Structures are given as structure tokens and as C-alpha cells.
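What follows is a short report on a single structure.
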Amino acid sequence: MTPLQRDLSALLGDSALRLDEAALEYLHDSTEMQGLRGHADAVVAPADSVCVQALVRWCYAREVAIVPRGGGTGFAAGAVPFGGVVCSLERLDRVRSFDPELWRMHVDAGVTTGRVQRLARESGLYYPPDPGAVEQSQIGGNIACNAGGPHSFKYGVTREWVTGLEAVVAEGELIRWGGAVRKDVAGYDLRSLLVGSEGTLGVVTGAWLRLIPAQEASLPVAAAYAGLGEGVRALGRVLGSGLVPAALEFFDAGCVAASMAAFPGGLPEGAAFLVLAEADGDRAAVARLAGELEEALGQEALTFRRFEGAQAQRELWRWRNGVSFAVAARRGGKMSEDVAVPFDRLERAVAGTLEIGRRHGLEACSWGHAGDGNLHATFMIDARSEADVKRALAAHEEVFALALELGGTVSGEHGLGWVKRAQFERQFSPLEAEIQRKLKAVFDPKGLFNPGKKVG
């Protein structure tokens with residue numbers, strides 16, 4: 001045990017330390033496929049928010065970096081440490097209060113997304129944010145990245161469902177903005193500033209979450225097309241008709257090829273683009289919307305299918321959640337980036353990703369949240385090949401440039417983290433970047449919270 005680890009053990013207790021082999025699990029996230037693994041001077045898991053305060057106070061006095069960590073499921077290395085102390089929030093796992101009749105829940109940052117969803121569902125309520133890996137991802141991490149998911153088209157991202165935050169900021173001070181109140185314009189909206197800040201302004205330790213009554217029914221539908229143009233035109237008809245499905249997803253030809261063997265009920269020969277949508281509401285509304293979706297999506301479709309019944313729906317969403325793994329299995333690995341563009345430029349972004357892949361000698365594909373113009377631009381690689389990783393990194397530089405050229409963003413939902421830190425200067429003008437860095441300095445004058453992330 002190092003002197004620093006002994007000091008932290010005395011401060012937080014032996015049970016808070018993660019040593020040797022156990023500590024290695026806190027040095028990477030989903031970017032490990034790129035060969036990215038960090039290093040830390042210590043890894044600790046404080047027992048509660050008071051212990052987080054003590055840790056931040058100790059680190060700030062000694063100018064030691066603090067890297068907050070949730071479930072470690074990120075795709076931007078936002079929780080990967082490069083020195084300093086990893087502060088895992090896994091032990092902050094209390095549901096502080098749950099008031100079903102008032103549609104609200106107050107939780108510690110380490111409570112998993114899946115647990116919040118289950119508790120809500122058991123009381124006839126619904127917590128809509130649904131990022132991947134819900135059994136591992138934690139509410140604090142979702143807040144740090146402003147996580148989205150397939151149902152953000154209708155219901156919005158995490159920010160829309162957080163009415164209050166508790167966080168530990170510089171010098172170990174505990175602050176609270178918002179709370180159980182649904183409306184609050186008494187001051188600047190610093191709650192929203194912390195949402196999506198990727199742990200660079202402080203350590204989120206708790207949150208008040210807004211819930212809604214669960215919908216009576218849901219009905220996913222899927223339509224397959226012969227090509228990108230037909231599929232994007234179908235998506236345009238959904239939006240142009242004023243339809244608001246709960247989810248509106250797309251999968252291009254490469255993605256379909258990688259995953260079609262597992263698609264429930266199979267896909268027709270020649271399918272090269274797939275749209276997945278979901279109607280929800282009361283039963284009459286679901287039936288009506290499903291019919292309207294069939295009218296909009298059925299034109300030019302090779303097939304249109306409704307997924308009736310709980311079993312069929314589970315199989316469909318299991319397929320959807322497995323798409324990323326199916327794509328990675330094509331060559332043993334993949335590198336994806338979550339760019340987003342205005343919807344009317346989605347076709348150009350998808351086609352452009354394929355062209356970039358061809359120029360770099362890489363098989364490419366895209367899938368994602370069509371309604372939000374959010375695509376996972378992906379290059380399939382041999383994860384053991386340094387040459388493949390290098391080519392994919394170069395290709396993604398072009399994808400970022402394309403997204404910005406199309407009026408979009410270099411990150412729709414995963415954040416900048418470490419892997420995209422250089423894109424901060426690319427997306428923002430000098431003045432826009434300076435304003436954000438000044439905000440960082442107000443919260444974190446010594447620059448110790450997750451250094452090198454978000455604002456570079």
C-alpha cells in the first residue's frame with residue numbers, strides 16, 4: 001500500500017479502497033477496444049456523500065486530481081483516469097425516498113438506471129431515459145453524460161427528468177440546485193449546467209427524478225427497405241405527418257447485414273435499411289398511431305411488421321440491444337462515434353460515413369436514433385491490429401468534420417470525455433470555448449475535477 005493509499009484508508013476506511021487486481025477494473029470503459037486504459041494513484045469507493053466531501057476536501061488541499069466514476073459503461077473515456085484518485089460512486093446506492101403518488105424519486109448517484117426503472121414500473125410509473133447497459137449504468141453517470149437512448153425522441157434525454165441535483169464541488173462543499181419542486185426560475189439554471197458536465201465541475205452524489213404514469217400499451221413496428229434513400233424518405237414521412245412515436249430508430253445496410261440473422265422472424269432478401277418505431281399510449285391511441293406509422297413507413301417498404309405481444313416485443317428489443325455486439329463481431333471489434341446532425345442531413349451523414357470508410361479501407365456502417373439525427377458512425381476493426389485502430393481514428397476525424405459541415409455536433413449523447421477532447425476547439429469558436437472554460441474555473445479553480453476531459 002502506497003503512502004497515498006494509507007492516507008485515504010485512514011480518511012475513508014479500509015473498505016473504501018480498491019487495491020491490486022480489483023483496482024484494474026476502474027481504469028477503462030468501453031473504449032478499451034481502442035487499446036485505451038488509464039492509470040490511477042488510488043481507487044476509492046466512498047460510502048456516502050459525507051465521505052465524498054471528505055475525499056474532495058482532502059484532494060483539493062493537496063492538489064490531487066479527482067476522477068468521478070459511475071458504472072464505467074461510457075464510450076468516450078470520460079471516467080478513465082490518467083493519474084489522481086478515482087472516486088467510484090458504486091456504494092452510494094440508496095433510494096433516499098420514493099413518492100409514487102407524487103411521481104418522484106430521490107436517489108443516490110450510484111443507483112442503477114435499471115433499478116429506477118423497475119421501482120417506477122412496479123408502481124405504475126415510467127422513467128423514460130434508457131441508455132444501454134441499464135443494469136450497469138448509474139444515475140450519476142447518466143447525469144454526467146446527459147444520457148439518451150431510443151426513447152429520447154418522444155421523451156427527451158436525462159436532463160428533462162432531473163428536477164434537482166446534489167453535488168460536491170471545490171473544497172469539498174456540498175451544493176444543491178433544484179429538488180422536488182417542478183418549476184424554479186429563482187436563479188441561473190445551474191442544475192442543467194451540471195447535467196452533461198462529465199464530472200468536470202464536481203461530483204454528483206444525488207438527484208431528484210421526475211416520473212410519469214406508465215403508458216397503458218406499446219407496439220413496436222419495423223419496416224425494411226432496399227436502400228438508404230427509400231428508408232430516409234420513409235423517416236421523413238413520419239416526421240412530416242406530425243407523428244410522434246416513442247422511438248424512431250434506423251439501421252443501415254452494413255448494420256442490417258451484421259445483425260439480420262438474429263432479427264426476430266427474419267428480414268426479406270434485399271433488405272438494406274431498417275426502421276424501427278414504437279407507438280405507445282392508451283390502447284386506442286396505440287392502434288391509431290400504429291396504423292399511421294404503417295401508412296408512412298409502408299410506402300416503398302419491402303416489408304412492414306407489427307410486434308404484438310410481450311414475448312415478440314422482448315425479442316425485438318433484445319435484438320436492438322445486441323446490434324452493437326453483432327457489428328463488433330464482424331471483425332472482432334469496432335470503433336463508433338455518436339455524431340448528430342439535423343434530420344434533413346441524416347442521409348448525407350450516413351452515406352458520408354460509408355465513403356470515409358472506403359477511403360480508409362474499413363468496412364463501415366451506421367445506426368442510431370433517427371428522430372434525433374443521432375447516428376453511431378462505426379468502423380469495424382480487428383481490435384488487435386494497431387493499424388486498424390489508427391485507420392479508424394483517422395476516419396473518425398473526417399466523420400467529425402462531416403458532422404460539423406452538416407450543421408451538427410461531434411457528440412449527440414456520449415460526451416467528449418478523453419477520446420474527443422480535441423474536438424472541443426473544433427466545434428466551438430474561441431469565444432464560445434473561453435466562456436465554457438471560465439465556467440469550469442468558477443466551479444473548479446484548481447482544475448482537479450476530471451482534468452483533460454470535456455473542455456480539454
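The values are calculated or read from the model by the stated rules, or taken from the named source; none is laboratory data. Values in this document were obtained by computation on a predicted structure and should not be read as measured data. Backbone-built Cβ (ideal geometry, glycine too); neighbour counts: all protein chains shown. The accessibility values were calculated without ligands, DNA or RNA, using every heavy atom of the protein model including side chains. Shrake-Rupley method; radii C 1.70, N 1.55, O 1.52, S 1.80 Å.
So, of the residues in region 209-225 that are over 17 Å from residue 147 (Cβ atoms) and of a type outside the set (A, V, I, L, M), which turns out to be surrounded by the most Cβ atoms within 10 Å (Cβ to Cβ)?
Of region 209-225, the ones over 17 Å from residue 147 (Cβ atoms) are 212-225.
Checking which are of a type outside the set (A, V, I, L, M) leaves us with 213, 215-216, 218, 220, 225.
On the way: 213: 12, 215: 15, 216: 12, 218: 19, 220: 25, 225: 27.
Top of the filtered list is 225.
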#### Entry: Scan of region 18-59 for residues that are on the phi > 0 side of the Ramachandran plot and touching a Phe, Trp or Tyr at 6+ places or on another chain (Cβ under 6 Å), ordered by number
none
### Task
Scan (1) among the basic types (Lys, Arg); (2) under 23 Å from residue 124 (Cβ atoms); (3) touching a residue at least 12 places away in the same chain (Cβ under 8 Å) for the single condition residue 314 breaks and write down its number.
(3)
### Query
Looking at (1) of a type in the set (S, T, N, Q); (2) more than 30 Å from residue 388 (Cα to Cα); (3) out of contact with any helix residue (DSSP H, G or I) (no Cβ under 7 Å at 6 or more places or on another chain), which is the one condition that is false for residue 336?
(2)
### Task
Looking for whichever is buried (at least 23 other Cβ atoms within 10 Å of the Cβ) and outside any strand (DSSP E or B) here; the options are 140, 132, 187, 114. Which one fits?
140
### Task
Sort out which residues of region 436-454 are open to solvent by 60 Å² or more (accessible area, probe 1.4 Å) and over 25 Å from the mean Cα position of the chain (by Cα), and write them in order of number.
438, 442, 445, 446
### Query
If you take just the helices (runs of 4 or more DSSP H) that sit entirely in region 281-388, which of them hold at least 1 residues that are surrounded by 17 or more Cβ atoms within 10 Å (Cβ to Cβ) and among the hydroxyl-bearing types (Ser, Thr, Tyr)?
310-329, 346-359
### Task
For region 301-329, name all the residues that are touching a helix residue (DSSP H, G or I) at 6+ places or on another chain (Cβ under 6 Å) and closer than 24 Å to residue 420 by Cβ.
323, 327
### Message
Can you tell me which residue is nearest to residue 79 (Cα to Cα) among those in region 108-139 that are charged (D, E, K, R) and touching a residue at least 24 places away in the same chain (Cβ under 8 Å)?
### Response
108
#### Entry: Matching residues, region 391-435, being on the phi > 0 side of the Ramachandran plot and surrounded by fewer than 22 Cβ atoms within 10 Å (Cβ to Cβ)
407
### Message
Tell me whether region 84-105 contains one or more residues that are under 21 Å from the mean Cα position of the chain (by Cα), at pLDDT 95 or above, more than 24 Å from residue 15 (Cβ to Cβ) and open to solvent by 10 Å² or more (accessible area, probe 1.4 Å).
### Response
no
### Message
Can you tell me which residue is most open to solvent (accessible area, probe 1.4 Å) among those in region 239-260 that are outside any loop (DSSP other than H, G, I, E, B) and closer than 29 Å to residue 192 by Cβ?
### Response
239
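From the residues in region 261-280 that are of a type in the set (Asp, Glu) and closer than 18 Å to residue 309 by Cβ, which one is surrounded by the most Cβ atoms within 10 Å (Cβ to Cβ)?
For region 261-280, the residue satisfying everything is 278.
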